[in-house]
Amino acid sequence: MILVITRMKVIPDKRKELSQAMISLVDAMRMKAGCGRFEFCQNVEKENEFCLLEEWDAQDNLIAHLKSEHFRIIRGAMNLLEEPYERMFHTVFHPAGMEEIGRILSRDKRSRNKRIHNHIYREESSL
């Protein structure tokens, strides 16, 4: 799986416009082949900071998304930002020997996150 995290700081008077643009894409994005998650989140402490979380099952599906009309809309929305966005790509995998960690994590009934993340790529925009 590939996890894509995009952090954004919007121009304050463009916050509603950015939110509307991203929210309009949520349902369509979640229906795309290979998309396991597409969430647009706002920082509860800093109202002009947002995060876009995406999960893709395979690189081919992510690449198809990056070439899509929906991604063109996302890129266009980046013009509403106060400063360059930050985008990170992570692979998520289950390496050999993780069984013990899995057993320990499974004891915590509140946690559903039993994946190991490996940072593979980081991108920063230049507005």
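Side notes on the structure shown:
- Count of segment 2-60 residues which are among the hydrophobic types (A, V, I, L, M, F, W, C), crowded, with 17+ Cβ neighbours inside 10 Å and not in a helix (DSSP H, G or I): 12
- Yes/no for residue 89 being modelled with pLDDT of 95 or more and under 14 Å from the mean Cα position of the chain (by Cα): no
- Looking across segment 69-82, the residues that are at pLDDT below 95 and surrounded by 13 or more Cβ atoms within 10 Å (Cβ to Cβ) come down to 70, 71, 73, 74, 77, 78.
- Check on residue 50, closer than 14 Å to residue 78 by Cβ, within 14 Å of the chain's Cα centre (by Cα) and not charged (D, E, K, R): yes
The values are calculated or read from the model by the stated rules, or taken from the named source; none is laboratory data. Not measured: the values here are computed from a predicted model. Note: ideal-geometry Cβ built from the backbone for every residue, glycine included; neighbour counts use all protein chains shown.
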